[in-house]
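Input: a single structure, listed below in structure tokens.
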Amino acid sequence: AAPDYQNNEFVVIFDDIALSDSTIKRRWLLQMPTRPELLDGEWQKKGTAFWLANSGSTVSVTNNLIDAHGRLFVKFLEPQHLQLRLRGGSEGGEHYWFTDAEGNLLAKRGPYTDWGAYWAGSHRLEAEDVTDSSFSKYLTVMQIGDSRTLQKMADISKLSDGVFTGAFINQNRVAMFNTADVPQLSLSYSAKSSKKMLHVIEGLAAGSYRVSLNGKSIREQSIQSMEPLFFESSGGGNFRIEQQ
């Protein structure tokens with residue numbers, strides 16, 4: 001039988017950026033159909049159709065245009081120090097749905113109609129890494145659901161072990177990503193839950209691996225180069241994954 005995906009669809013995105021010049025701006029962008037609500041901070045107006053937030057990492061956007069009834073939650077687990085920026089909307093008789101990085105209107109723009117917002121969006125969310133490092137990590141978790149029934153984002157927390165960073169989602173999903181340049185041979189993490197759990201590990205070297213839960217082996221699995229390791233567990237605890 002197909003799983004029940006109602007309000008329990010998640011998208012996890014990991015991006016990393018290495019630059020030789022740390023002064024270059026690094027912004028992660030997401031176009032949105034309507035103005036997003038910042039759930040754990042407050043937007044501060046900084047210019048025409050432009051807002052900033054120096055605290056907060058979770059937004060919600062609702063699309064009830066025409067026949068739509070969707071809601072999207074977005075939570076940033078990385079970078080640790082980020083500034084959220086918002087551009088778009090309409091102001092002073094002008095629309096600012098389609099602008100460049102500095103908020104200037106683009107020469108070629110889409111339609112400013114309900115259908116235009118439905119398909120192209122009216123606002124752009126930007127997450128900027130404000131550290132001085134030349135290396136940036138972006139780890140974003142999105143939850144997609146029905147605006148008529150999905151009112152609150154599931155519990156999301158960050159996991160980490162050495163060069164690995166990841167997300168513990170809704171007490172039943174784990175996604176781990178290798179931030180190093182080379183494949184790894186092992187990792188450990190703790191994710192406590194009484195639910196059946198799904199685990200995806202990215203960035204391990206090719207080979208055979210043993211998965212242990214609370215010191216007891218629960219699975220052995222081989223993966224090829226560039227292949228993620230996937231396994232299930234009946235509950236959570238302390239996990240150890242190591243090449244044999």
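None of the figures in this text is laboratory data; all of them are computed from the coordinates on show. These numbers were taken from a predicted model, which means no experiment stands behind them. Every residue, glycine as well, gets a Cβ built from its backbone with ideal geometry; the counts of neighbours run over all protein chains shown.
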Inset, instruction - For residue 173, list long-range residues whose amide hydrogen, built 1.01 Å from N in the peptide plane, is under 5 Å from its own amide hydrogen. - result: 198
Inset, instruction - Please report, in debye to the nearest 20, how large the charge dipole of the chain is about its Cα centre when each Lys and Arg carries +1 at its beta carbon and each Asp and Glu carries -1 there. - result: 460 debye
Inset, instruction - Work out, step by step, the length gained on full extension between residue 158 and residue 52: first 0.36 nm times the residue separation, then minus their alpha carbon distance; give nm to one decimal. - result: 35.8 nm
Legend entry - Extreme residue, positive dipole direction of the chain, given options 239, 175, 10 (C-beta unit charges): 239
Inset, instruction - Answer with a single label: of (1) 54, 43, 36; (2) 54, 49, 38; (3) 65, 48, 30, which was calculated as Cα extents along the principal axes in Å from the structure in view? - result: (3)
Legend entry - Label-to-label distance, nm, for residues given as residue 225 and residue 131 (7 Å Cα→Cβ offset): 3.0 nm
Legend entry - the chain: calculated mean residue ellipticity at 222 nm from DSSP helix runs of at least 4, using -39500 (n - 2.57): -500 deg cm²/dmol
Inset, instruction - Take the alpha carbon gyration tensor of the stretch 155-244, find the square roots of its eigenvalues, order them as a ≥ b ≥ c, and report rounded if a/c is under 1.5; if not, report prolate when a/b exceeds b/c, else oblate. - result: oblate
Inset, instruction - Would you mind pulling out the separation of the Cα centroids of the stretch 1-51 and the stretch 115-140, in Å? - result: 5 Å
Inset, instruction - Check each of the trypsin sites (Lys or Arg not before Pro) in the stretch 145-228 and keep only those in coil by DSSP with at most 16 other C-beta atoms within 10 angstrom; list them in order. - result: 148, 152, 192, 195
Legend entry - Most fluctuating residue given options 37, 128, 94, as computed from a GNM of the chain linking Cα atoms under 10 Å: 94
Legend entry - Gaussian network model of the chain, springs between alpha carbon atoms under 10 Å - residue of 110, 41, 121 with greatest fluctuation: 110
Inset, instruction - Describe numerically, in nm with one decimal, the distance between label points set 7 Å from Cα along Cα→Cβ at residue 20 and at residue 146. - result: 5.4 nm
Inset, instruction - Give me the distance in nm between label points sitting 7 Å out from Cα along the Cα-to-Cβ direction at residue 37 and residue 8, one decimal. - result: 2.4 nm
Inset, instruction - Pick out which of 25, 137, 75 has the largest mean-square fluctuation in a Gaussian network model of the chain, springs linking Cα atoms closer than 10 Å. - result: 25
